[in-house]
């Protein structure tokens, strides 16, 4: 591979420090404007006021996206994914009223005409943001950075689409090496290092029965996890949960049989497909518990499909420990995380913003929620679309909490005919 470095983009934040990554089982760059098809670069509105002292991080996404904007970003995301050599990605503007599309090519209209057409049809809702690197280039930079620092020292990595950069998490001992290795490139490199102090996997609701809902508790080898998304393929009807959850035979806490392990991507193929396993042997419903963890009712949403949400959009989770939690904000997609030497790909990183004020909090999922579903509300009352399953949580030195989940497309990367079992 030809060396990407040095490059001309200057990254303002060179080093930040992140701490404690734990999976959960119990026991918008500045750019000159261009215009095309009436869609112009309109930078996200600047956050108002000073950053509060109890919120040392920059304010980002706030408010609520209109349904047409939520729908548009998913369509644009699906189309731009087919042209990674042209675009870096898509994200909601910080006020969530428009979609930012990050393009590394001024001739995107001829190289990706279907994207240009959708932009033209929605010109008032789209901001064109010119950037230096396409997603293909950023992935190459990510691979080279990992190789230069040493793959064993890299615990996580993701593309920060809004800053057109790669964020690499390394062990504290490797941070000095990373600084030394990249010394000649730092001023012009799109790579930012996070020092990760530790990483570990540790392994509802409580008395469900067939057909099992999503977000209920399952038990194996003395540990608890959560039921995930029902799937079907090649005549098999199964249920997703987290691959790092121990054991191969799962029951409810009361001993009702839930399923045996059919296959798992973890740990051997997690680097390709993510952190998941499939259970089989019982029956599973496309419904997710939507009440609190201690609720005695079977209040639920119906899963009507599988979608892939994009940067700046919101998702909800459901698990045996915390019940339903919404207002997670997507920070990065198609990321990876290494825990106890096991690298898991196909992850989305998110944070929780319960007040929708643009600042993260630590009121997300906890131990035991692993394997539970991530989902997004739709315009149809009572229905949601599935996104993936819970992987883990990590915190940085300021106490900012971040969470990660395995995307459903990690499962379809393993077998393309896997579908939601309705």
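Laboratory data are not the source of any read-out in this text; all were calculated from the coordinates shown. Since the model is a prediction, treat every value here as computed from it, not as a measurement. Cβ placement follows ideal geometry from the backbone for every residue including glycine, while neighbour counts extend to all protein chains displayed.
List of remarks:
- Within region 204-422, percent of DSSP bridges classed antiparallel, to nearest 5: 90
- Euclidean distance of C-alpha centroids, region 111-162 and region 346-412, integer Å: 21
- 14 Å reach of a label modelled at residue 207, 7 Å along Cα-to-Cβ, counting backbone N of region 251-295: 252-256, 294-295
- Computed from label points 7 Å out along Cα-Cβ, the spacing between residue 152 and residue 415 is 3.5 nm.
- Using equal-weight Cα scatterers in the Debye expression, the normalised intensity of region 204-422 in log10 at q = 0.09, 0.10 Å⁻¹ is -0.29, -0.37.
- Cβ-based exposure ranking for 223, 71, in which fewest neighbours within 10 Å come first: 71, 223
- Relative contact order computed over region 204-422 (Cα-Cα under 8 Å; 6+ residues apart), in percent: 23
- Computed label-point distance, nm, for sites residue 256 and residue 355 using a 7 Å Cα→Cβ extension: 4.1
- Rg and Dmax [Cα atoms of region 268-378; Å; Rg one decimal, Dmax integer]: 14.9, 45
- Neighbour counts of C-beta atoms inside 10 Å place 144, 120 in the sequence 120, 144, starting with the fewest.
- Here the spin labels are modelled as points 7 Å beyond Cα on the Cα-Cβ line, and at residue 221 and residue 236 they lie 2.0 nm apart.
- Each of 328, 266, 212 has some number of other Cβ atoms within 10 Å of its Cβ, and from fewest to most they run 266, 212, 328.
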